[in-house]
Amino acid sequence: MRKFMVVLDDSRECLNAMRFAAMRASHTGGGVAVLAIIPPDEFNHWIGVGEIMRAEARERIEVHFEVFAKWMRDKQNVDPELIIREGEPLNEIISHVNEDPEIGVLVLGASDDNKGPGPLVTQLSKQSGSLPIPVTIVPGDLSKERLEAIT
């Protein structure tokens, strides 16, 4: 099954990327893989603190994911999978795309502020020519109705 992979983070534009991925998966019989990335631990020398911080980060991610997952299940009839990786976001995204042959499209949300589309969109746009899959960039200011019409 072809999966749409979307990156879960705290950005506002993440919502539109999630919606787009779920709607496209629903309309095409695909799946959704939600990738969350925990940045490298800055407290490696404090092993106990690092482990607690890692556990707390995983818990926050799972709670955040469940909000999107419930909507995807209830409204789009799509049961997403959660993948949690640790490391630098760009490297982890590329690694996961290369490791999972079912990932067919990477979906990213673009910020609508005048500072640019966001660091992931900027970095992955530069890498897009060497990725084994297409990248779909969803504008952060698209309305829910417009997203439904497009998908």
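Here are the numbers for this structure:
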| quantity | calculated |
| --- | --- |
| Scope region 69-127; condition modelled with pLDDT of 95 or more and charged (D, E, K, R); matching residues | Lys70, Arg73, Asp74, Lys75, Asp79, Glu81, Arg85, Glu92, Glu99, Asp100, Glu102 |
| Residue in region 37-53 that is surrounded by 14 or more Cβ atoms within 10 Å (Cβ to Cβ) and within 23 Å of Glu13 (Cβ to Cβ) present | yes |
| Among residues of region 109-140, those that are assigned to a helix (DSSP H, G or I) and of a type in the set (S, T, N, Q), counted | 6 |
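The values are calculated or read from the model by the stated rules, or taken from the named source; none is laboratory data. No experiment lies behind these values; they were computed from the predicted model shown. Please note: Cβ atoms are built from the backbone with ideal geometry, for glycine as well, and neighbour counts cover all protein chains shown.
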